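Asker: Please see the structure below; I have some questions.
Read-outs: derived from the displayed coordinates by stated rules, not from any lab. As the structure is a prediction and not an experimental result, all values here were calculated from the model. All Cβ positions, even for glycine, are placed from backbone atoms using ideal geometry, and neighbour counts span all protein chains on display.
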Amino acid sequence: MSTAASPPDRRHPTAPADGPAVHDPAAAGRSDATGPLLSVRNLTVRFRRQGEEDFVAVDDVSFDVRAGQTVGLVGESGCGKSVTSLAIMGLLPKRGNTVTGRVDFEGIDLLSLSPRQLRDRRGRDIAMIFQDPLSSLNPVVPIGVQVSEVIERHVGLSRAKARPQARELLSKVGIPDPDRRLSEYPHQLSGGMRQRALIAMALACRPRLLIADEPTTALDVTIQAQILALLKELVQDSGTALVMITHDLGVVAGLCDRVNVLYGGRIVERADRHELFATPRHPYTNGLLASIPRLDAPRGQRLSPVPGSVADNIPWDHACAFAPRCDRPVAACREVTPELVTDEAAPSAPGGLPRALRCHHPVEPGQESR
Amino acid sequence: MARYIVRRLIQMVGVVLVLSVLLFAWLRSLPGGPVSALLGERATPETRAALEAELGLDQPLWMQYVKFLSRAASGNFGPSTGVLPGTDALKIFLDRLPATIELSLFAMIIAVALAIPLGYLAARRRGSALDTSSIVVSLIGVAVPVFFLAFLLKYVFAIELHWLPVSGRQSGGLDATRVTGFFVLDGLITREWDAALDALAHLVLPAVALATIPFAVIFRITRASVLEVLDEDYVRTAEAKGLTNRVIRGRHVLRNAMLPVVTTIGLQIGALLAGAVLTERVFSFGGIGEALALSFEQRDYAVLQVLILAAAAIYVLVNLIVDVLYAVIDPRVRTR
Ligand SMILES: Nc1ncnc2c1ncn2[C@@H]1O[C@H](COP(=O)(O)OP(=O)(O)O)[C@@H](O)[C@H]1O
Ligand SMILES: [Mg+2]
């Protein structure tokens, strides 16, 4: 399953994905003496297509999440964010795709686990919340049962014993009148309440890692802010690591410690949040940031400021997929695939992790378009 | 909910009333009639006229209808003229009802017990040998006429192989005690195990013949419905929670997938009544299906009227039960 070896044609060494060797005082004291909580290495997901070449939705993606850290996966629709998260969870369709690479969670490669072993970890060690809270809830099962079933499964409590805990969880995520809500059905709750209920389910067993796949995209703008604030608070209180998947830079600005920018299935830039916002290096990141007038811009801003769309992508082989939309292309962009390498030229905060960049002609510090 | 049920019951009375008018007009418009059936074509006009007057068939149609309705309201549908001449039509119906209920119930149990698990498995293993072969079987199931299948089963398993009885509901030599009219149940109640077993053996072939179409239809709906539900986000949520296969299957997949299946089962009960006419005839099963065939051949108006109205009432009632069941499963219907 694992294809950790790099293809021979690589010119540059692949940037370390925040590997444990890197000294990181910010994370010192946490349980990362044995390495990061989640370490994704060379994750590649191919979908088989009839009569056509395989479609590579996620291409050699590597990143780390340390205990308690909040890491962003940012990129516009179709860049492979959801597929990445589903591959980590082992939730991709059983057929029609191949997943290679490694997904080490607390040192164990999730991709090598049996479905049964994975089932024991999902919901207990790693939880996930999804984009559309209405369709993500079972319409014919009371909210209370949908919360308590996680506790029943992983803690081994009876329904009756799990119910008070479910009630407690609902009130913790800010659902008023939890006793009544326990016996209500999803269609009787508002969108924001539904997402709160899903968060309660995800956090029921105090997982060490939570993956949130665009948890606010389907919600009203005012509700979005509330849900983000709630997530931030819960994650901080419980020390849960969070992978925040979003196309919304406002979300990243308020939440993430470290940010991975995805384009066409590959990571194009990685940096600590402050540095990414201060000195974006990839033209794509730069374009994304330029669309926000100020960092304290209202949340909910759509992320489609870069001219063109995913449809303009060209394949990564012998080119940069972003080249057709890039505002500073050079000849190499159409000839050589850029590799993700440690970005030595970028200014980085003292003690921060090194930045990584996949670009032939990066934005120089001071040249950011803003 | 209670108000809803009452409203539906009142609607049901209306439906049955309208049906009775149509039925009455239709029956009287058929060629032939009870007089020809009773006296033969060569009877003199005088004897025909006398019998017509005796049966009240000389009066205008609307008057016959009003009379029928007023008597029917008190449970009097008149005497049979063909199936069991002179016997009260309602009694014929009531005597034969348990046989048909027993047969239909057995057939439905066979159909549902096979179709739902198989439909679920076929959907879960889409494209597998199990999936394709069950689709083929279900296609054959709907394509083969019930009448033909009943004959085939009877010929192979009863006449040639002697594995199962040829016809009837109980072997002649057995002196079984009757309690409810449901022969298997009677055998169990009275602890006459041999009688219960014998009645069960008589049920097998007609029930299998009758079960094929409902099986095929319920299988296909279950398969399609499960396939649809498996793609739903909430099933992915359930997987993300690490729930066991058992809980995901029961609570998250089947509970949702059953909604269209419940409706289908209700509709199939109507088809079952139609199939019972043919099956009971082939196996001389002695139920209302057989009585319907006989009374139609002999233009036995009294018996026909009871049977068809009862069938309509049963059909409407089953639909009501289905709707109530639907509301029980689906809270979105209940709490609207
Ligand atoms: N089950 C699937 N089969 C085939 N292609 C898929 C499947 N799921 C996702 N894709 C494709 O993979 C790409 C990435 O999808 P996704 O990860 O959902 O994007 P997003 O970043 O918006 O979450 C898209 O082009 C999508 O069409
Ligand atoms: Mg997505």
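Asker: I need two numbers for the stretch B:217-311: Rg to one decimal and Dmax as a whole number, Cα atoms only, in Å.
Answerer: When restricted to the Cα atoms of the stretch B:217-311, Rg and Dmax are 21.1, 65 Å.
Asker: Here's a follow-up. Using the Kirkwood formula on the Cα atoms of chain B, what hydrodynamic radius do you get, in angstrom to one decimal?
Answerer: Computed over chain B, the radius equals 22.7 Å.
Asker: For B:Met1 and B:Leu152, FRET efficiency with R0 = 45 Å and r from the beta-carbon atoms, rounded to 0.05?
Answerer: 0.50
Asker: Enumerate the amide H contacts of A:Arg355 below 5 Å, restricted to partners 5 or more residues apart or on another chain; note that Pro and chain-start residues carry no placed amide H.
Answerer: A:Asp343
Asker: Now a separate question. On a 28 Å Cα-Cα criterion, which of the cross-link pairs A:Lys232/B:Lys241; B:Lys91/B:Lys154; A:Lys94/A:Lys232; A:Lys81/A:Lys161 come out too long?
Answerer: As for pairs spanning more than 28 Å Cα to Cα, those are B:Lys91/B:Lys154; A:Lys94/A:Lys232; A:Lys81/A:Lys161.
Asker: Based on the alpha-carbon set only, what is the convex hull volume of the stretch B:155-294 divided per residue, in Å³?
Answerer: Numbers: hull volume 21.9 nm³, N = 140.
Enclosed volume per residue, from the Cα hull, is 156 Å³.
Asker: If a/c stays under 1.5 just call it rounded; otherwise compare a/b with b/c (prolate if a/b is bigger, oblate if not). Do that for chain A, with a ≥ b ≥ c from the square roots of the Cα gyration tensor eigenvalues.
Answerer: Cα axes put chain A in the prolate bin.
Asker: Now for a different question. Can you tell which of B:Val262, B:Ile248, B:Ala143 lies farthest toward the positive end of the dipole of the stretch B:96-330, using +1 and -1 charges on the Cβ of basic and acidic side chains (Lys, Arg; Asp, Glu)?
Answerer: B:Ile248
Asker: At 222 nm, what helix-only mean residue ellipticity would chain A give, in deg cm²/dmol to the nearest 500, using -39500 (n - 2.57) for each DSSP H run of four or more? Kindly include the intermediate steps, with their values, before the conclusion.
Answerer: Values: 10 runs with 100 residues, N = 370.
Calculated at 222 nm, the ellipticity per residue is -8000 deg cm²/dmol.
Asker: Still on this structure, I have one more. Treat every Asp and Glu Cβ in the stretch B:96-330 as -1 and every Lys and Arg Cβ as +1, leave all other atoms uncharged, and give the resulting dipole magnitude about the Cα centre to the nearest 20 debye.
Answerer: So the magnitude is around 620 debye.
Asker: Work out the charge dipole of the stretch A:72-217 with +1 on the Cβ of Lys and Arg and -1 on the Cβ of Asp and Glu about the Cα centre, then indicate which of A:Gly96, A:Ser82, A:Leu182 is farthest towards its positive end.
Answerer: A:Leu182
Asker: While we're on this one: Between B:Arg178 and B:Arg48, what is 0.36 nm times their sequence separation minus the Cα-Cα distance? Round to one decimal in nm.
Answerer: On the way: separation 130, 0.36 × 130 = 46.80 nm, distance 4.10 nm.
Full-extension gain reported as 42.7 nm.
Asker: Within 10 Å of each residue's Cβ, count the other Cβ atoms and sort B:Phe157, A:Phe130 from fewest upward.
Answerer: Going from least to most buried by this count: B:Phe157, A:Phe130.
Asker: Which FRET efficiency, nearest 0.05, do B:Ser167 and A:Gln236 yield, Cβ-Cβ r, R0 60 Å?
Answerer: Computed FRET efficiency for B:Ser167 and A:Gln236: 0.15.
Asker: Mind sorting A:Tyr284, B:Tyr155, B:Tyr120 by how few other Cβ atoms lie within 10 Å of their own Cβ, fewest first?
Answerer: B:Tyr155, B:Tyr120, A:Tyr284
Asker: How big is the equivalent ellipsoid of the stretch A:130-206 along its three axes, where each semi-axis is √(5λ) from the Cα gyration tensor, reported in whole Å from largest to smallest? Kindly include the intermediate steps, with their values, before the conclusion.
Answerer: Values: eigenvalues 64, 31, 27 Å².
Rounded to whole Å, the semi-axes are 18, 12, 12.
Asker: For the protein assembly as shown, what proportion of DSSP beta bridges, expressed in % and rounded to the nearest 5, is antiparallel?
Answerer: Counting DSSP beta bridges with both partners in the protein assembly as shown, the antiparallel share is about 60 percent.
Asker: For an R0 of 51 angstrom, estimate the FRET efficiency from the Cβ-Cβ distance between B:Val247 and A:Ala278 and round to the nearest 0.05.
Answerer: With R0 = 51 Å, the Cβ-Cβ based efficiency is 0.60.
Asker: Send over the Kirkwood Rh of the stretch B:2-73, from the inverse of the averaged 1/r over different Cα pairs, rounded to one decimal Å.
Answerer: Taking the inverse mean of 1/r over all distinct Cα pairs, the stretch B:2-73 comes out at 14.5 Å.
Asker: If you look at just the Cα atoms of the protein assembly as shown, how large are its Rg and its Dmax in Å?
Answerer: Cα radius of gyration and Dmax of the protein assembly as shown are 35.7, 121 Å respectively.
Asker: What dipole magnitude, in Debye to the nearest 20, does the protein assembly as shown give about its Cα centre under +1 on Lys/Arg Cβ and -1 on Asp/Glu Cβ?
Answerer: With Lys and Arg at +1 and Asp and Glu at -1, about 920 debye.
Asker: Follow-up. Can you list the DSSP H helices in chain B whose Cα atoms extend at least 27 Å along the helix axis and whose mean Kyte-Doolittle hydropathy is 0.0 or higher?
Answerer: B:2-29, B:89-124, B:193-230, B:255-282, B:301-329
Asker: Order these by the 10 Å Cβ neighbour count, fewest first: A:His154, B:His252.
Answerer: Details: A:His154 21, B:His252 26.
The most exposed by this proxy come first: A:His154, B:His252.
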